[in-house]
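K.L.:
Have a look at this one.
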Amino acid sequence: MTISTNDFQYISKLVLDLSAIVLEPGKEYLVESRIQPLAKKEGLDSIEDLVKQLRSGPQNGLRSRVVDAMTTNETSFFRDIHPFETLKKFVIPDLIKKREAARELNIWCGASSSGQEPYTLTMLLRENFPQLQSWKINYISSDISHEMLDRCKKGIFSQLEINRGLPATLMVKYFERHGTEWQIKEDLRKMIEFRYMNLSENWPIMPGMDLVMLRNVLIYFDVDMKKNILNKIQNLLRPDGYLFLGAAETTLNLNDSFERMDYKQSGCYRIREGQKACNL
Ligand SMILES: C[S@@+](CC[C@H](N)C(=O)[O-])C[C@H]1O[C@@H](n2cnc3c(N)ncnc32)[C@H](O)[C@@H]1O
């Protein structure tokens, strides 16, 4: 172990303050494996030197690069499959029925990582609901990591990433080959507005959402932050809108206004009937 207790504590506090990501004692190996390469990239000899720099005052975005490095960006196309089956069979058809008059849908993917999740949804919409092409789809996708957002905007994936979950038929139809990499076609990229957004800070004003995907990100926060975020989603979702959480996440004991829908392993929630927006 080359990270000292003091340096570990300094970095955990910084990451907690700036992103709400909790790094408990025992995660020294994780900090070390993520911060050592960053130190090298910054031209520094060690984590100790990097912490010295951080302590000496504002360092031209270095704090935000530390947060970036400490985010876990694990993702894949059609991750866990069941949520996407539920979207295809029940949720999108239901929303289409309910929004038929306005012909408008508001969607937010709140932790988009390198883009596989938001682009999975655009492909799912294109493949199964061609009628939506004449609707107004306001689709926002956000993340705290500038590096990941940059990747999302480019929509470029390695062969390895493509191999994880993306059916070959969709690859052929929606991606263009660039050497050893694959880029999602421009008309699908243009469907999404990618934005920086830190879930632990004040949220920008967004339209009432029909669908919120907030998968595999609450797991990194403490109970109070999970509650805070779920309360905000309760206010943001339209009363008949849908929320998807990750397989290891739940609203249980955090916000009783949500009920889990009985769709197989989908992590799909709605606001219970008669529940008003909560006071924040
Ligand atoms: C494990 S990935 C999940 C990606 C995708 N939603 C999925 O389920 O495959 C978690 C993402 O949450 C982002 N994240 C972590 N803390 C965040 C915060 N405070 N605000 C916004 N995004 C955050 C990370 O940058 C990372 O891209």
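The values are calculated or read from the model by the stated rules, or taken from the named source; none is laboratory data. Note that the structure is predicted; figures quoted are calculated from it, not measured. Don't worry about glycine lacking a Cβ; one is built from the backbone with ideal geometry, like all the others, and counts go over all protein chains shown.
K.L.:
Scan the stretch 16-24 and give yes if some residue there is among the small types (Gly, Ala, Ser), under 20 Å from Val217 (Cα atoms), within 24 Å of the chain's Cα centre (by Cα) and assigned to a helix (DSSP H, G or I), otherwise no.
P.N.:
Yes, there is a match, as at least one residue in the stretch 16-24 is among the small types (Gly, Ala, Ser), under 20 Å from Val217 (Cα atoms), within 24 Å of the chain's Cα centre (by Cα) and assigned to a helix (DSSP H, G or I).
K.L.:
Condition (residue is more than 15 Å from the ligand (Cβ to nearest atom) and either assigned to a loop (DSSP other than H, G, I, E, B) or surrounded by 15 or more Cβ atoms within 10 Å (Cβ to Cβ) (or both)) applied to the stretch 219-233: is it met by at least one residue?
P.N.:
yes
K.L.:
Could we say that Tyr139 is within 18 Å of Phe78 (Cβ to Cβ), more than 16 Å from the ligand (Cβ to nearest atom), hydroxyl-bearing (Ser, Thr, Tyr) and surrounded by 17 or more Cβ atoms within 10 Å (Cβ to Cβ) here?
P.N.:
The answer is no for Tyr139.
K.L.:
Any residue in the stretch 69-83 that's more than 25 Å from Ser19 (Cβ to Cβ): show its pairings with residues that are charged (D, E, K, R) and more than 8 Å from the ligand (Cβ to nearest atom) at Cβ separation under 8 Å, as long as the two are six or more apart or on different chains.
P.N.:
Phe77/Glu161; Phe77/Arg164; His82/Lys264
K.L.:
Would a scan of the stretch 191-213 turn up a residue that is at pLDDT below 95, away from the ligand (no atom under 16 Å from the Cβ) and over 20 Å from Ile144 (Cα atoms)?
P.N.:
For the stretch 191-213, residues at pLDDT below 95, away from the ligand (no atom under 16 Å from the Cβ) and over 20 Å from Ile144 (Cα atoms): absent.
K.L.:
Going through Glu186, Glu201 one at a time, which residue ends up being of a type outside the set (Ser, Thr, Tyr), under 26 Å from Thr251 (Cβ atoms) and without any contact (Cβ under 8 Å) to a residue 60 or more places away in the chain?
P.N.:
Answer to the selection: Glu201.
K.L.:
Tally the residues that are in contact with a helix residue (DSSP H, G or I) (Cβ under 6 Å, 6 or more places away or on another chain), within 16 Å of the ligand (Cβ to nearest atom) and assigned to a loop (DSSP other than H, G, I, E, B), restricting the search to the stretch 36-78.
P.N.:
Here the count works out to 5.
K.L.:
Could you identify the single residue in Ile81, Ile144 that is within 15 Å of the ligand (Cβ to nearest atom), surrounded by fewer than 16 Cβ atoms within 10 Å (Cβ to Cβ) and at pLDDT 95 or above?
P.N.:
The unique qualifying residue is Ile81.
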